[in-house]
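Have a look at the structure below before the remarks.
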Amino acid sequence: MSVNSNTVNTVLGPVPAEQLGVVSVHEALLSVLPGAEHAFDVTLDRAEIFETLAAKLRDFRAHGGGTIVDSTGMFHGRDVRLYETLSRTTGVHIVASTGQGPEELLGGYFLTPQTNPPTPWPAEKFADLFTREITEGMVVPRVERRGPAGLVATAATRTGTTATDESLLRGAARTALATGVAVSVRYGADAVHDLDIVLDEKLPADRVVVGGLDRKDAVAAGAPAKVAGRGAYVALDHVGTEDGEHLTDAERAALVAVLVRAGFADRILLSGSATGVAEGHPANDLPYSHVLTAFVPLLKARGLGDGDVRRILVANPRDLLAVR
């Protein structure tokens, strides 16, 4: 599939990067816990799912949104044909992702390699799997391949990155080098450690976004400034979530202001990690428009101007997602 440095891979094919508008970089459309689709109490009503998601995407667009990135990767309910129809119907660009992780959510196929003793899947096998989803199109089970993935999304184990997680991260980095798409890392226990694994593959730092950096443990370790200082993007991607694990929105806004003053305005990304429809696990039911409606006013109250906000919501994600 032909791509160039001025386009982004969406589910409807390459789109000029300048047309993305406001981008929410870490969201979920249909999220199904692997295996939940086979549970007796889970019914995937496609018409109902479509209507729910279409309403949420229309709300996002009505408040100024342009592009949603479904950063869930493979095997978590990703439905490429559904996303194509949603994008055509609502006018919202949808970027779907390849990638997997953390280890505990991998299918058994990836966890029972036929070696004695068992060893993790090597990075090059993950790289081949993810790369084909970009160069040949995303797999639609038992049927075909569809449009190209626009992001490689990986996640590491929260208690600490495992050997398999490291293979995933390295495979994702090799995919990015081979295809020109960016890598999204949901870090495990140490954001800088996981970023350094990806950078060890010689991937330029500005092709990487590290998510979850509004977790309290990340902030306490100084990870947002350290990640930005290495040249990677900092995703504060739980905007609207206020629990014991994450900053409050007021604290997030203060962190954004600190990063901007430190010269990192071109490295900040915002998102809500909202789930449009969830099956088999609890949903984060925030609207995709929450950043625009509730968080941008907090940023302006902290002294950010329209130029800063536009850079964070439009220019930064555009530069990250552009294939190069």
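For the subset of region 122-148 comprising residues that are closer than 18 Å to Gly101 by Cβ and among the basic types (Lys, Arg), which member is modelled with the highest pLDDT? Outline the logic, then answer.
To start, the set of residues in region 122-148 that are closer than 18 Å to Gly101 by Cβ comprises 122-134, 138-139.
Checking which are among the basic types (Lys, Arg) leaves us with 125, 132.
Values: Lys125: 91, Arg132: 94.
That would be Arg132.
Among the residues of region 219-228, which ones are more than 18 Å from the chain's Cα centre (by Cα) and of a type outside the set (Val, Ile, Thr)?
Ala220, Ala221, Gly222, Ala223, Ala225, Lys226
With the checklist (1) out of contact with any Ser or Thr (no Cβ under 6 Å at 6 or more places or on another chain); (2) in a helix (DSSP H, G or I) in hand, flag the one item Gly147 doesn't pass.
(2)
Could you tell me whether region 250-258 includes any residue that is over 22 Å from Ala294 (Cα atoms), in a helix (DSSP H, G or I) and not aliphatic (A, V, I, L, M)?
no
Against the definition (within 21 Å of Ser273 (Cβ to Cβ) and touching a residue at least 12 places away in the same chain (Cβ under 8 Å)), how does Gly231 come out, yes or no?
Criteria not met by Gly231.
What's the number of the only condition in (1) in contact (Cβ under 8 Å) with a residue 40 or more places away in the chain; (2) surrounded by fewer than 22 Cβ atoms within 10 Å (Cβ to Cβ); (3) of a type outside the set (Val, Ile, Thr); (4) under 17 Å from Ser184 (Cβ atoms) that Leu320 fails to meet?
The failed condition is (2).
State yes or no: is Ala189 in contact with a helix residue (DSSP H, G or I) (Cβ under 6 Å, 6 or more places away or on another chain) and either in contact (Cβ under 8 Å) with a residue 60 or more places away in the chain or of a type outside the set (D, E, K, R) (or both)? If you could, list the steps in order and put the result at the bottom.
Values: in contact with a helix residue (DSSP H, G or I) (Cβ under 6 Å, 6 or more places away or on another chain): no; either in contact (Cβ under 8 Å) with a residue 60 or more places away in the chain or of a type outside the set (D, E, K, R) (or both): yes.
Criteria not met by Ala189.
I'm told Leu86 meets every condition in (1) touching a strand residue (DSSP E or B) at 6+ places or on another chain (Cβ under 7 Å); (2) over 17 Å from Gly150 (Cα atoms); (3) modelled with pLDDT of 95 or more except one. Can you identify the failing condition by its number?
The failed condition is (2).
Val260: of a type outside the set (Lys, Arg), closer than 28 Å to Ala17 by Cβ, surrounded by fewer than 22 Cβ atoms within 10 Å (Cβ to Cβ) and at pLDDT 95 or above, yes or no?
Yes: the conditions hold for Val260.
Can you pull out every residue in region 47-81 that is touching a residue at least 24 places away in the same chain (Cβ under 8 Å) and small (Gly, Ala, Ser)?
Ala54, Ala62, Gly64, Gly65, Gly66, Ser71, Gly73, Gly77
Answer with yes or no whether Thr119 is hydroxyl-bearing (Ser, Thr, Tyr), out of contact with any Asp or Glu (no Cβ under 9 Å at 6 or more places or on another chain) and at pLDDT below 95. Even if it seems obvious, please write down each step before you answer.
Working: hydroxyl-bearing (Ser, Thr, Tyr): yes; out of contact with any Asp or Glu (no Cβ under 9 Å at 6 or more places or on another chain): yes; at pLDDT below 95: yes.
Yes: the conditions hold for Thr119.
Starting from residues that are more than 27 Å from Leu203 (Cα to Cα) and outside any loop (DSSP other than H, G, I, E, B), keep the ones in region 229-249 and report whichever is farthest from the chain's Cα centre (by Cα).
Per the stated criteria, the residue is Asp249.
Considering each residue of region 24-76, count those that are assigned to a strand (DSSP E or B) and at pLDDT 85 or above, and give that number.
13
The values are calculated or read from the model by the stated rules, or taken from the named source; none is laboratory data. Everything numeric in this text was worked out from a predicted model, so none of it was measured. Reconstructed Cβ throughout: ideal geometry from the backbone, glycine too, with neighbour counts over all protein chains shown.
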